[in-house]
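This report refers to the structure that appears directly beneath it.
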Amino acid sequence: MSKASSRRDYMTKTPVPKLILSLSVPTIISMMVTAIYNTADTFFVARVSDRYEINTAATAAVGLVFTVMAIIQAFGFFFGHGSGNYLSRMLGAGNHKEADEMASTGFAMALIVGVFFASVGNVFIEPIVNFLGATPTTMQFTKDYMRIILIGAPFMMAQFVINNQLRFQGSAVYAMIGLMCGAVMNMALDPLLILVFHMEVKGAAIATVMGQITSFIVLLVGTSKGENIKLSIKNVHINGHYIVEIINGGAPSLFRQGLAAISTLLLNRTAGAIGADAAIAGMSVAGRIMMMMASALIGFGQGYQPVCSFNYGAGLTARVKEGFSFCVKYSTVFLIIIGAVCFGFAGNIIAFFTKDPAAVEVGTAALRFMSGTLPLSGAIVISNMMLQSIGKGIKASITASARNGFCFIPMILILPQLFGIMGVEMAQATADVLSLFIAVPMAYSELKKF
C-alpha cells in the first residue's frame, strides 16, 4: 500500500471519535505547553524586583507587547491555516501537486512578511509603544521587550505555518514535538536570564525568541520525515491562485487573531485610563490564565480540523457532521469543569502571578467573569473551525470576528462608561454570550446541507 493511500485510509476510515482523539491529544498537549510557556514570561517578570511598583510595571509592559505578538501570530495563523486548509482538501481529493506547491508557497510568504514586521517594527518602535498605551513607568520596559520580540517575528510566523501544515496533513505528533521543544527552551531560559543574570524583560524576550527559533528548526526538520510534504523553493509559486486560496482559508484566523490584538490594545488603554498600571497588569494576568485554560479547547478543535477538511475534500460530509457534534458535546462538559475551578480559586490563581493587591483585585474579578462564560466557547470555537476547514471563508470570518470584534469592541467602549473598572472586567464575558448567537446559526446553516 502506498503512503498516500495509507494516509487516506487513516483519515477517511478510522472511526471519527477515535480519529479526532488520536489527532487532538498531541495538539492539546502542545497547546497547553505553549500556553504555559507564554505565561512563564508573566510569572518570572513579576519577580524582577522586591518592589511592587517595578514588578507591576514590568508585568504591564509584557501585557502591552502582547498586542504586537498577537498581530505577528495572526499573520502566522493566516498563512498556516490558509495553506493548511487548502493542502488538506487537496490531499483528500488526491491532488498532491497543488498540495506540495501550497505548502512551500505559504511558508515562503510567511517568512517574507515576518522579515517586514521585524524591520519596520524596530524602525518605528517609539510611536508604536506610545500607541499601545505605555505609561512613563512602563515605557522603557515595553521598548526593551518589544525590540527583541520583533526580531523573532520571521521565526514565529514560519513556525506557526509549518505547525499548522503538519497538523492538516494528520502529523499532529511532529507538530507537538516542535512546539514542545520550543516551550522547554523558553521555560529553561526564563528563570536563568531574568532571575540569575538579572536581564529583566530583555531576558524574557530573549527566552521567548530562542524558544521560537528552536520550534522553527525542529518543525522544519519534521517536514522531511515520513509522509509529510517536503518544503522546496522550486515549489514556491506566489501567484493569484494560491494567494486567493490562502486568503479564503486564512482570513478567519487573521480576523480572529488580529481583532484579538486590537481588543487587547483597547483593553489595555481603557484599563490603564481607569486603574493605571495595576489594572493593566491584573487584566493581563487574567487574560493569560484564561488563554491557558482555553488552550485545551483549541487543541481539541485542532484535532478536528484535519478530519473536517480532509473528509470534506473526499466528499464524506457525514463524518464532518459527526465530528462536529462529538467535539461540541465533550468540549462543553470539559469547559464547565474548568470554568468552575477557575471561578472558585480565582483569587489564588491571580495572586500566584502578581503580589500587587490592586492588580490581584482587578484580575480576580475579571477571571471570575470570564470563567462564567467559558463553557460557551466550545460551540463558538468548534463552529468557527468547522466553517474555516470546509472553505466557507466569509461565514468563518464572521464567526471568527465575533468574539474579539463585533461583540467585544462595543462592550469595551460602552461598559466602562457605565460601570467603571467593573465594565472592563466584564467586557469579555459579555462578548462571549453575544458571539454564541452569531457562531451557532452560521454553523447550522452549513451543517443542515450535509
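The values are calculated or read from the model by the stated rules, or taken from the named source; none is laboratory data. The shown structure was predicted, so the numbers you read here are calculated from the model rather than taken from an experiment. Cβ atoms come from the backbone with ideal geometry, glycine included; neighbour counts cover every protein chain shown. The area values use the complete protein model at the heavy-atom level, side chains included, leaving out ligands, DNA and RNA. Shrake-Rupley method; radii C 1.70, N 1.55, O 1.52, S 1.80 Å.
Among the numbered conditions (1) touching a Ser or Thr at 6+ places or on another chain (Cβ under 6 Å); (2) among the basic types (Lys, Arg); (3) modelled with pLDDT of 90 or more, tell me where ARG403 comes up short.
(3)
Do you know which residues across the stretch 25-45 are in contact with an Asp or Glu (Cβ under 6 Å, 6 or more places away or on another chain) and among the aliphatic types (A, V, I, L, M)?
Across the stretch 25-45, the qualifying residue is only ALA40.
Pairs only if they're at least six apart or on different chains, beta carbon under 8 angstrom, first in the stretch 82-95 and closer than 9 Å to GLY313 by Cα and in a helix (DSSP H, G or I), second open to solvent by less than 10 Å² (accessible area, probe 1.4 Å) and hydroxyl-bearing (Ser, Thr, Tyr); list them, first residue then second.
SER88/SER309; SER88/SER389; ARG89/SER309; GLY92/SER309
Considering only the stretch 239-254, how many residues are hydrophobic (A, V, I, L, M, F, W, C), open to solvent by 40 Å² or more (accessible area, probe 1.4 Å) and within 15 Å of ALA108 (Cβ to Cβ)?
Qualifying residue count for the region: 1.
Report, by residue number, each residue of the stretch 8-35 that is of a type in the set (Val, Ile, Thr) and at pLDDT 85 or above.
Once the filter is applied, which keeps residues that are of a type in the set (Val, Ile, Thr) and at pLDDT 85 or above, the stretch 8-35 yields THR12, THR14, VAL16, ILE20, VAL25, ILE28.
Residue pairs, Cβ under 9 Å, 6 or more apart or interchain, first in the stretch 253-264 and farther than 14 Å from ALA396 by Cβ, second basic (Lys, Arg). List them.
Within 9 Å, the pairs are ALA260/ARG403; SER263/ARG403.
Select from the stretch 114-137 the residues that are surrounded by fewer than 19 Cβ atoms within 10 Å (Cβ to Cβ), touching a residue at least 12 places away in the same chain (Cβ under 8 Å) and either in contact with a Phe, Trp or Tyr (Cβ under 6 Å, 6 or more places away or on another chain) or not in a helix (DSSP H, G or I) (or both) and list them in ascending order.
THR135, THR137
Out of the residues in the stretch 327-360 that are over 21 Å from the mean Cα position of the chain (by Cα) and of a type in the set (Gly, Ala, Ser), which is nearest to ILE380 (Cα to Cα)?
Only one residue fits best here, namely ALA340.
Would you list the helices (runs of 4 or more DSSP H) that sit entirely within the stretch 321-439 and hold 1 or more residues that are touching a helix residue (DSSP H, G or I) at 6+ places or on another chain (Cβ under 9 Å) and charged (D, E, K, R)?
So the answer is 357-373, 393-401.
Among what's in the stretch 36-69 and is at pLDDT below 75 and among the small types (Gly, Ala, Ser), pick the residue that is most open to solvent (accessible area, probe 1.4 Å).
The qualifying residue most open to solvent (accessible area, probe 1.4 Å) is SER49.
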